[in-house]
Amino acid sequence: MMNKNKKRSSGQAVGSSFIIHRSSFGRTIARASLLAIAFMFPANGWAQKYPDRPVRIIVAFPPGGFVDLGARLVAGPLGAALGQQVVIDNRGGAGGIVGTEVAARAAPDGHTLVVGSAGTHAVNQSLYRKLPYNVLRDFQPIARLADAPSILAVHPSFPARSVKDLVALARARPGEILYASAGSGTSTHLAAALFEHLARVKFVHVPYKGGGPMIVDVVAGQVPVTFGTAASVSPHMKSGRLRGLAVTSGQRSAVLPDLPTIAESGVPGYEMLNWLGLFAPAGTPRAVVEKLNAEILRVVRSPELRERLNASGAEPSPLGTGEFAAFVKSEVEKWGKVVAATGMTAE
């Protein structure tokens with residue numbers, strides 16, 4: 001009877017967190033409740049019981065972009081490994097802040113995860129003065145999934161056929177050329193801002209609510225320039241509906257070898273690489289994190305996933321929990337300096 005009462009009491013604490021979860025105090029109570037339960041069960045008990053219902057992976061952007069693609073490629077095989085359905089929940093808005101906040105406030109029991117990117121889990125920390133969460137405090141890194149360069153691409157009707165052409169046009173028409181991004185603070189925004197800073201040019205930023213809506217308008221010629229992810233741009237390059245000028249990585253991409261880098265095309269020192277990783281709310285039991293890490297790394301290292309990522313211009317880049325946590329910390333620091341140097345702002 002005493003054990004039942006303890007379980008019921010803990011359950012009430014967890015349930016009450018949903019009533020007051022809008023405050024940091026509420027999140028603290030929820031996590032404390034989960035930690036209390038963790039002491040009641042051995043670590044291997046958590047691993048054996050988890051997951052006991054479908055797992056939700058939040059994507060903080062609409063369908064169609066690089067983040068969404070990575071999540072969907074992982075969801076199927078991860079669900080098979082865990083023995084539960086893995087559901088993708090697209091929560092786009094505010095440069096990824098809306099969905100990321102939902103994940104930060106979720107119960108830390110491993111049943112709500114989020115795919116983070118260089119934008120949501122590095123750049124935004126410095127780009128926005130008041131975030132409703134702290135990347136390093138409110139999330140537990142699980143594993144890095146993949147990375148890919150962005151592609152500087154233009155509509156075929158746009159006169160630039162190279163990076164040097166674009167720079168020359170932008171200098172001749174300062175503040176006139178439009179570029180599309182997947183939203184303020186996203187990798188597409190960061191890539192363009194870094195380009196403006198190093199090439200000493202000025203564009204006009206047109207932010208969209210995700211990579212899908214962005215690429216639709218660029219392909220239609222509504223906005224002529226983008227620094228889109230390889231996943232969103234590559235298919236349209238192959239069909240001739242977009243012209244790729246260069247990749248944003250420091251070295252040529254193994255899956256896009258014919259495209260030069262921006263650095264070798266006349267903007268020395270330029271480098272920007274997109275990355276994706278899986279995160280859980282802070283306070284998620286260690287046994288659950290370790291189980292997720294093991295299964296995710298197995299999926300990411302599979303030949304099948306490599307082939308599917310390569311088809312979209314991306315490559316697997318697996319990192320374990322400790323390495324990934326250190327990487328995220330270094331990214332927050334790195335892009336904090338870039339944001340300060342470039343004067344990037346969130347519209």
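The values are calculated or read from the model by the stated rules, or taken from the named source; none is laboratory data. All values reported here derive from a predicted model rather than from experimental measurement. Heads up, the Cβs are rebuilt from the backbone with ideal geometry, glycines too, and the neighbour counts pull from every protein chain shown. Each accessible area value is taken on the protein alone, full model and side chains, heavy atoms only, with ligands, DNA and RNA left out. Shrake-Rupley method; radii C 1.70, N 1.55, O 1.52, S 1.80 Å.
Once amide H atoms are built 1.01 Å from N in the peptide plane, which residues 5 or more positions from Ser181, or in another chain, come under 5 Å H to H?
Amide H neighbours of Ser181, under 5 Å, 5+ apart: Val206, Tyr208.
What dipole magnitude, in Debye to the nearest 20, does the stretch 169-249 give about its Cα centre under +1 on Lys/Arg Cβ and -1 on Asp/Glu Cβ? Walk me through the numbers on the way to the answer.
Values: 8 positive and 3 negative charges, 33 e Å.
Using Cβ point charges on Lys, Arg, Asp and Glu, the stretch 169-249 gives about 160 debye.
For the stretch 221-347, what log10 I(q)/I(0) values come out of the Debye formula at q = 0.14, 0.17 1/Å, with one point per alpha carbon and no solvent?
Once normalised to I(0) and log-transformed, intensities are -0.84, -1.13.
Positive end of the charge dipole of the chain (Lys, Arg +1 and Asp, Glu -1 on Cβ, about the Cα centre): tell me which of Met272, Ala143, Thr112 has its Cα farthest that way.
Sorting the options by dipole projection puts first Thr112.
Can you list the equivalent-ellipsoid semi-axes of the stretch 108-185, largest first and in whole Å, using the square root of 5 times each Cα gyration tensor eigenvalue?
Details: eigenvalues 263, 51, 19 Å².
In descending order, the three semi-axes are 36, 16, 10 Å.
So which trypsin sites (Lys or Arg not before Pro) in the stretch 102-148 are both in a DSSP loop and have at most 14 other Cβ atoms within 10 Å of their Cβ?
Values: sites: Arg105, Arg129, Lys130, Arg137, Arg144; in loops: Arg129, Lys130.
Sites meeting the loop and neighbour criteria: Arg129, Lys130.
Residue separation times 0.36 nm, minus the C-alpha to C-alpha distance between Val216 and Thr345: what's the value? Could the numbers behind the result be given before it?
Details: separation 129, 0.36 × 129 = 46.44 nm, distance 2.45 nm.
Between Val216 and Thr345, full extension yields an extra 44.0 nm.
Count charges around Ser249 for me, please; just the other residues with Cβ under 13 Å from its Cβ, Lys/Arg as +1, Asp/Glu as -1. Could you put the intermediate results ahead of the total?
Working: positive: Arg252; negative: Asp147, Glu264, Glu271, Glu315.
Here the charged neighbours net out to -3.
Say each of Leu178 and Asp89 gets a label point 7 Å from the Cα, pointing the same way as Cα to Cβ; how far apart are those two points in nm?
Output for this residue pair reads 3.5 nm.
Diagonalise the Cα gyration tensor of the chain and give the resulting equivalent ellipsoid semi-axes, square root of 5 times each eigenvalue, largest first, whole Å. Show your work: numbers first, answer last.
Details: eigenvalues 313, 84, 50 Å².
Largest first, the chain gives 40, 20, 16 Å.
Within the set Lys130/Lys209; Lys202/Lys238; Lys130/Lys334, which residue pairs have Cα atoms separated by over 31 Å? Kindly include the intermediate steps, with their values, before the conclusion.
Details: Lys130/Lys209 20 Å; Lys202/Lys238 29 Å; Lys130/Lys334 19 Å.
Distance filter (> 31 Å) returns an empty set.
Using alpha carbons only, what's the Rg to Rh ratio of the stretch 192-237 with Rh from Kirkwood?
Dividing the radius of gyration by the Kirkwood radius yields 0.98.
Within a Cβ distance under 13 Å of Val167, other residues only, what is the Lys/Arg minus Asp/Glu net charge? Spell out each step's value before the answer.
Working: positive: Arg161, Lys164, Arg171, Arg173, Arg200, Lys202; negative: Asp165, Glu196.
Neighbourhood net charge equals +4.
Could you check the spin-label model distance between Lys164 and Glu323? Points 7 Å from the Cα along Cα→Cβ, value in nm.
A separation of 4.0 nm, rounded to one decimal place.
Go through the stretch 186-202 residue by residue and turn each phi into a ³J(HN,Hα) via Karplus (6.51, -1.76, 1.60, θ = phi - 60°); whole Hz please, and just put x for glycine and proline.
7, 4, 5, 5, 4, 4, 5, 5, 5, 4, 4, 5, 7, 8, 6, 10, 9
What angle do you read, to the nearest 10 degrees and between 0 and 90, between the alpha-carbon axis of helix 211-220 and the longest principal axis of the chain?
Roughly 20 degrees between the two axes.
Counting just the Cα atoms, what span does the stretch 183-269 cover along each of its three principal axes? Round to the nearest Å and put the largest first.
Here the Cα extents, ordered largest to smallest, are 30, 28, 18 Å.
Name the residue farthest towards the positive end of the dipole of the chain from the options Val339, Ala282, Ala192, assuming +1 on Cβ of Lys and Arg, -1 on Cβ of Asp and Glu, about the Cα centre.
The residue sitting farthest along the positive end of the dipole is Ala282.
Just how much of His155 is accessible, in Å², when a 1.4 Å probe is used and the result is rounded to the nearest 10?
The value for His155 is about 40 Å².
Work out the length of the dipole vector of the chain about its Cα centre, built from +1 on the beta-carbon of each Lys and Arg and -1 on the beta-carbon of each Asp and Glu, and round it to the nearest 20 debye.
On the way: 37 positive and 23 negative charges, 183 e Å.
In total the dipole reaches around 880 debye.
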